[in-house]
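Worksheet for the structure shown next.
The values are calculated or read from the model by the stated rules, or taken from the named source; none is laboratory data. The structure displayed is predicted, hence computed values, not measured ones. For neighbour counting, all protein chains shown are included, and Cβ atoms are generated from backbone atoms with ideal geometry for every residue, glycine included. Ligands, DNA and RNA are stripped out before the accessible areas are found, and what is left, the full protein with its side chains, is counted by its heavy atoms. Shrake-Rupley method; radii C 1.70, N 1.55, O 1.52, S 1.80 Å.
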Amino acid sequence: GMYVLSTYGAGCMVDTVMQISAGDPVLISVAVNKNNYTNEMIKKNKKFAISILDMDVDANIIKTFGFNSSRDMNKFAKVDTIEVDGIEVIKNCIGYMTCEVVNIIDADTHTLFIGKMVGADKFNYKKQMTYNYYQENKDDILKIELENGKTFYVCTICGYVYKGEELPEDFVCPICFASRELFEKKMK
């Protein structure tokens, strides 16, 4: 699925959320790139929220939380949210879960946060956006505006678009830190 992961002072897009226990307590895991500011803030705050995105999500939510850093801007300023347990959650989504961190696991380029679910609510019964659907339809979802006849490169991991005729040899995605090899060349 596609989710907005948030904590006090930060938020980002993620696609790696999983329930790992159904008992008491319910445990949820989420993987976050170590270079992501949200990673740093979850370690500091010891809690996080996951907003579950639907197929009709406003593309500006994906653009804001997927293609910007919370270091540089308040991502929540222009998004309709509610505060739950001190964390902003997206109001226009299927629902959310709030979690307290119970374990942190180093996983090479990512950190795996395991949280005890302490709250949840469902706002609607819409169909959830899957990662596969997003990947197959991201140009339409994001309405990428490019000039006809121009070359661009799209990150196959997060969908970031680099506009230019050539991708620099040492280029790394500024959003997900994918290497140059993970970009697909396209022309409009």
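Starting from region 33-57, take each residue that is in contact (Cβ under 8 Å) with a residue 12 or more places away in the chain and farther than 15 Å from ILE87 by Cβ and list its partners that are among the acidic types (Asp, Glu) and in a helix (DSSP H, G or I), counting only C-beta distances under 9 angstrom and pairs at least six apart or across chains.
LYS34/GLU40
In region 46-69, what residues are surrounded by fewer than 18 Cβ atoms within 10 Å (Cβ to Cβ) and over 28 Å from VAL172 (Cα atoms)?
LYS46, MET55, ASP56
When you go through LYS185, LYS126 one by one, which is the residue that is open to solvent by 80 Å² or more (accessible area, probe 1.4 Å), outside any strand (DSSP E or B) and in contact with a strand residue (DSSP E or B) (Cβ under 9 Å, 6 or more places away or on another chain)?
Of the residues listed, the single one that is open to solvent by 80 Å² or more (accessible area, probe 1.4 Å), outside any strand (DSSP E or B) and in contact with a strand residue (DSSP E or B) (Cβ under 9 Å, 6 or more places away or on another chain) is LYS126.
Could you tell me which residue of region 12-41 is nearest to HIS110 (Cα to Cα), considering only residues that are within 14 Å of the chain's Cα centre (by Cα) and not in a strand (DSSP E or B)?
The selected residue is LYS34.
From the list LYS138, LYS163, LYS116, pick out the single residue that is over 19 Å from the mean Cα position of the chain (by Cα), basic (Lys, Arg) and under 24 Å from GLY11 (Cβ atoms).
Checking each option against the conditions leaves just LYS116.
Out of curiosity, is THR7 open to solvent by 50 Å² or more (accessible area, probe 1.4 Å) and among the hydroxyl-bearing types (Ser, Thr, Tyr)?
So THR7 fails the test.
Looking only at region 85-92, decide whether some residue is open to solvent by 50 Å² or more (accessible area, probe 1.4 Å), out of contact with any Lys or Arg (no Cβ under 8 Å at 6 or more places or on another chain) and touching a residue at least 60 places away in the same chain (Cβ under 8 Å).
Yes: one or more hits.
Evaluate the following for CYS99: is it surrounded by 17 or more Cβ atoms within 10 Å (Cβ to Cβ), touching a Cys at 6+ places or on another chain (Cβ under 8 Å) and in contact (Cβ under 8 Å) with a residue 60 or more places away in the chain?
For CYS99, the condition - surrounded by 17 or more Cβ atoms within 10 Å (Cβ to Cβ), touching a Cys at 6+ places or on another chain (Cβ under 8 Å) and in contact (Cβ under 8 Å) with a residue 60 or more places away in the chain - is not met.
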